[in-house]
Amino acid sequence: MALSDNPSRLWGRIALVMTALALGSAWIVGSGRDEVNENTALPPAPKIESVSDILDTRTYEQFNAQIRASASARKLFIPLIAQTGYDVVQRSMRLNVWQGSDGQLFFIEDFLCDRVGARNRFAQWAEQQPPISDSPLRFVVIADKSTVYADQLQPPYGPFSVTALNHCNQDTYSDFSKIATQAPDLVKMITPSAELAQRWDQETFYPGDTHWSPGAATAFGLEVAPWIQGQPNLRDVIQNNLHRSDLTRSYGDLFQLSGLPMSLSPFVPLVSLTLPGTQSTVETLPAPDPTKPRNRTITTGAPIKGSTLLLHDSFMEPAERSNTPLYEDLTQVAIAEAAQYLESTDRKFDRIVFASVMRNASLLFRDFTNQKSLYTSHLTVAAKQKLSNR
Amino acid sequence: MVFSSPAFLFLFLPVVLALSALLPWKAQNWMLVLASAVFYIWGAGGNIATIIYITLAGFIGAIAVARTRSQSSRWRTLTLWIVLAFVLVPLLLQKYLPVALVTIGRPDVMTWPLALGVSFITFHAISYVIDVRRGVIQRERNLKDFALYLLLFPHQIAGPIVRYSEIVDEVKGRARPRLEEISYGAVRFIWGLSKKVLIADNAGAIVHAIQATPANEVSATTAWLAALAFAIQIYFDFSGYSDMAIGLAAMFGFHFPENFAGPYRSLTVTEFWRRWHVTLSRWFRDYVYIPLGGNRHGRAREYIALTVTFLLTAFWHGATWPFLVWGGLHSAALILERLTGLRDVKGWVIPRRILMALFIVFSWVPFNAPTLGQAVDQWQLMASLDFQALPPVLIMALTPIVAIALLIGCVTFFAPKGNLTTFAFIFTSDHRRALRPAISAVLAVVLLIVCVAMVTWNDFSPFLYFAF
């Protein structure tokens, strides 16, 4: 069989095959998931079991997602573009990350706060809160990286100032600080400090991470436990019993969001608390989402007696070891799953602590306001008594 | 399926290109029909039933129309209208019935979802049936060949609107494309892909960011930026799609008509419509404007025909007030140009270019607004000239890639006329001879690598004109 009646047409066919191979190789050659893909969940493979599956657009959406996630070109290009942005242009190529000076990355959500909405939600929340001392409901708000590192927001170049970037955030910080002053038994504002971090030779925040370092996160134990217990001298006890423990890689969530590999994140020592005369036992509770583990820690001889439910976001994780041994019976659940957890258990708690970074805090207040009865129904009789004695 | 999606670029296109090269030439039409069906099902699933209905309605309807050739004119016209009504059924039921039900206060009545590309495929079928009625073409006797014309995947979703007379010879007996034709097709496809991925999607990021901006942070700065970014997005998105369609068709031996000819370089609105979405303008001219009398029955009739044509064009895009206002603006501008003689003015090139650029940016506002009220709000902000600093969301959104894309987009408004005026026109059909093939090929390979990089980098982003 003659391949073609014309050399130019034969070359045309060869060109088509070569183009097909080149395009196909961008997907197939070396395909698979690796470090650059680790921040995207592998989409489920489509199942085709009937004609209706073939005619269902969701089948092809799953195919599209699979092809996109497994394309080998991702391995080459995503780190290349991200690294070019980070090192050469010094500006994140992703819309969700802002690059300031000294390679500091910031999360866009920090700047998009709904200030008016936050104020309204907080006002609604505050109306429902009893102004009592020793409240069984406590709210902890952690200042975010863009507030603490506001002086590093300005990129090293650029025709315009970015001071407007953090206006909303700074106002929200000031609002929360004011609220914490007005209702000292209800709300605590924690500002991660360089001093605490430096004590452990750590930075307050690492360039590629939106979370505080383990050293800076010791602030949680140091400030919250004495606040709940009403014993300022507890702070010294904690301070004297903190020590370095295992090395761990800082999260590097902003590196991941930028498309940069996690390997850029430094290893840092965790900071653990070991109180004399205490012993902890950890029980892992069933959790529907493995990325949001639930656990219960029983610590004999801990200074904070009774049962405590700590509802928290990812900011709690670097602080976990320097905080947990302070509570006799501490159950920790992700805030996002709080309602689901409480609906599935009949346990009662002596206190419930809500801990969240600033950007999520106003939403936390809204959710609390909407489901207040769910939370209070899980307080012990004594705790409910405190609320009713307002 | 979207041309710029990984599924198309890394799976569908390589398979179809390889099949095209390796299968016997006689099997090409079957292969393309099947590939086009897969392409459609991949994007629209079970809605392919709608497209099969239009195909059969057009095919059988044309037989009926052809058989009335010896009948009286009235009978032939009646047959034509009946056939057109059958062809239009899905478009009316899926696109306009839901709007009508909402208008009469019955949004609870269940309707059909809008099938992808139904507007374009319906217009192809209508042009075919009318051309058979007019005797411009013979009715097609082979259903496979007709299905290939109607469903050919390069133009299936968003045009260009190809007349059957333009490609019937190629459907019936085209030769295997030569290396030069394939090279041209590939370069044209890559150029279109670049327009979409590198410029339109990045301009779109700004449009989306502004839509996400709280109302109290929007000023004249953001309103103008939103309008400019959308003007850039829609041109590069749609013309990029047309370039890709034309390029793909060339790689399979078809020649599609041009759809864009530098519309943002126009000096008048009349000229704009000769350069923007050319195949749609041509469709409305031949099947609506001229049958309504065109410009041969006095000025009043001409203006009425013009207004009706533009309102129908707007209605084709969507039965909403913003689209109708957009169409009304353009028809009013066209009539004004005719009344004042502005259409025929020579000279004053720079002021006219500036005026035209402002008109283009201004008139796209309702096209992108969900409601007329929002369009009016944006116009008011633009007119207020209350320029303030950019809100945080926009500072974030203006990444280096986005800023460069916007700058390149702006060039289209200010590029001088003539050949090889900007890099953006290097690969368009009328200038392709200006560059040596080797340079084009090297540039195309570089652009393809950059596009593949961006496709893997960016999230999935469908074409704007799929909505129509």
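Based on Cα atoms of the stretch B:152-205, Rg over Rh with Rh as the Kirkwood radius reads 1.08.
Once you put a point 7 Å from the Cα of A:SER133 and another 7 Å from the Cα of B:VAL102, both along the Cβ direction, what distance in nm separates them? Those two pseudo-labels are separated by 6.0 nm.
Per the Kirkwood formula applied to alpha carbons, chain B shows a radius of gyration over Rh ratio, Rg over Rh, of 0.96. The helix-based estimate of mean residue ellipticity at 222 nm for the protein assembly as shown, built from -39,500 (n - 2.57) per DSSP H run of four or more residues and divided by its residue count, is -16500 deg cm²/dmol to the nearest 500. Averaged over the residues of A:49-60, the number of partner chain Cβ atoms lying within 10 Å of the residue Cβ comes to 3. Each 10 Å bin from 0 upward holds the following percent of the Cα-Cα pairs of the stretch B:282-408: 11, 29, 33, 19, 7, 1.
Report, please, the projected area of the stretch A:226-279 averaged over directions, based on the convex hull of its C-alpha atoms, in nm². For the stretch A:226-279, the mean projected area of the Cα convex hull comes to 5.7 nm². Could you give log10 I(q)/I(0) at q = 0.12, 0.17, 0.28 Å⁻¹ for the stretch A:247-306, computed by the Debye formula over C-alpha point scatterers of equal weight, without solvent? For the requested q values the scattering log ratios are -0.54, -0.86, -1.06. What fraction, in whole percent, of alpha-carbon pairs in chain A exceed 38 Å separation? Tail of the P(r) past 38 Å holds 32 percent of the pairs. Residues of the stretch B:28-51 falling in the label zone of A:GLU49, defined by backbone nitrogen less than 20 Å from a point 7 Å along Cα to beta-carbon, are B:46. Sorted largest first, the spans of the alpha carbon positions of the stretch A:205-312 along the three principal axes are 45, 34, 23 Å. Arranged from fewest to most other beta-carbon atoms within 10 Å of their beta carbon, A:MET93, A:MET358, A:MET189 become A:MET189, A:MET93, A:MET358. Calculation over all alpha carbon pairs of the stretch A:233-390 in 5 angstrom steps from 0 returns a P(r) of 2, 8, 15, 17, 20, 16, 12, 7, 3, 1, 0 percent. In order along the stretch B:33-49, the Karplus-derived 3J(HN,Hα) couplings, from 6.51 cos²θ - 1.76 cosθ + 1.60 at θ = phi - 60°, round to 5, 5, 4, 5, 5, 4, 4, 5, 4, 4, x, 10, x, x, 5, 4, 4 Hz, and Gly and Pro are given as x. Label point of A:GLN83 set 7 angstrom out along Cα-Cβ; within the stretch A:249-268, amide nitrogens under 16 Å from it belong to A:255-256, A:258-265. Grab the other residues whose beta carbon is less than 15 angstrom from that of A:SER272, score K and R as +1, D and E as -1, and report the net. Counting the neighbours of A:SER272, the net charge comes to 0. The three principal axes of the Cα atoms in the stretch A:63-108 give end-to-end lengths of 40, 21, 10 Å, sorted in falling order.
The stretch A:144-241 gives an Rg/Rh value of 1.04, both radii derived from C-alpha positions and Rh following Kirkwood. Loop-located trypsin sites (Lys or Arg not before Pro) across the stretch B:53-90 with a Cβ neighbour count of 14 or fewer within 10 Å are B:ARG69, with loop assigned by DSSP. Highest-first packing order for the peptide set B:387-393, B:409-415 is B:387-393, B:409-415, based on the mean count of other beta carbon atoms within 10 Å. In summary, the convex hull built on the alpha carbon positions of the stretch B:262-321 has an orientation-averaged projected area of 4.6 nm².
Pair-distance distribution of the protein assembly as shown: all C-alpha pairs, bin width 10 Å, starting at 0; shares per bin in whole percent are 2, 11, 18, 20, 18, 13, 9, 6, 2, 0, 0. Of all lysines in the structure, the ones whose alpha carbon falls short of 29 Å from that of B:LYS172, not counting any fewer than 8 places away in one chain, are B:LYS26, B:LYS144. When each of the peptides A:100-107, B:215-222 is scored by the mean number of other C-beta atoms lying within 10 Å of its residues, the order from highest to lowest reads A:100-107, B:215-222. Derived scalar couplings between HN and Hα for the stretch A:86-102 equal 5, 8, 8, 7, 6, 8, 5, 7, 9, 6, 8, 10, 10, 9, x, 6, 6 Hz in order, rounded to whole Hz, by the Karplus curve 6.51 cos²θ - 1.76 cosθ + 1.60 (θ = phi - 60°), x for Gly and Pro. With R₀ fixed at 56 Å, the C-beta to C-beta distance from A:ARG249 to A:SER25 puts the FRET efficiency at about 0.95. Between B:TRP348 and A:THR57, what's the calculated FRET efficiency when r is the beta-carbon distance and R0 is 30 Å? Round to 0.05. The value I calculate is 0.05.
Electrostatic tally near A:LYS292: other residues with Cβ closer than 12 Å to its Cβ, Lys and Arg +1, Asp and Glu -1, net -3.
Place the peptides B:42-54, B:195-207, B:135-147 in order of packing, highest mean first, counting for every residue the other Cβ atoms within 10 Å and averaging per peptide.
Numbers: B:42-54: 20.5, B:195-207: 25.1, B:135-147: 16.2.
Highest-to-lowest ranking by the protection proxy: B:195-207, B:42-54, B:135-147.
If the chain linking B:GLN380 and B:SER73 were pulled fully straight, counting 0.36 nm for each residue of separation and taking away their Cα-Cα distance, it would gain 105.3 nm. Across the stretch B:217-222, coupling constants 3J(HN,Hα) worked out from phi with the 6.51/-1.76/1.60 Karplus curve, θ = phi - 60°, read 9, 8, 10, 4, 4, 5 Hz, and Gly and Pro carry x.
Averaged over the residues of B:3-13, the number of partner chain Cβ atoms lying within 10 Å of the residue Cβ comes to 6.
Diffusion coefficient of the stretch B:1-59 by Stokes-Einstein, Kirkwood radius over Cα pairs, 4 °C, 1.567 mPa s: 103 µm²/s.
What average count of beta carbons from other chains do you get within 10 Å of the Cβ of residues in A:68-80?
Numbers: counts 8, 1, 2, 8, 2, 9, 5, 1, 4, 8, 3, 0, 2.
Whole-number average of other-chain Cβ neighbours for A:68-80 is 4.
When the alpha carbon gyration tensor of the stretch B:234-348 is reduced to an equivalent ellipsoid, the three semi-axes, largest first, read 26, 17, 15 Å. Panel values: the stretch B:32-79, Kirkwood radius from alpha carbon pairs, Stokes-Einstein at 4 °C and 1.567 mPa s, translational diffusion coefficient 103 µm²/s. If R0 is 60 Å, the Cβ-Cβ spacing of B:ILE439 and A:ARG199 corresponds to a FRET efficiency of close to 0.45. Modelled this way, with points 7 Å down the Cα-to-C-beta line, the labels at A:SER388 and B:CYS410 are 6.8 nm from one another. Normalised by residue number, the volume inside the convex hull of the Cα atoms of the stretch B:117-248 is 127 Å³ per residue.
Read-outs throughout are calculated quantities, based only on the coordinates presented, and are distinct from any laboratory measurement. Keep in mind that this is a model prediction, so the values were computed, not measured. Counting neighbours? That spans all protein chains shown, and the Cβs are built from the backbone with ideal geometry, glycine included.
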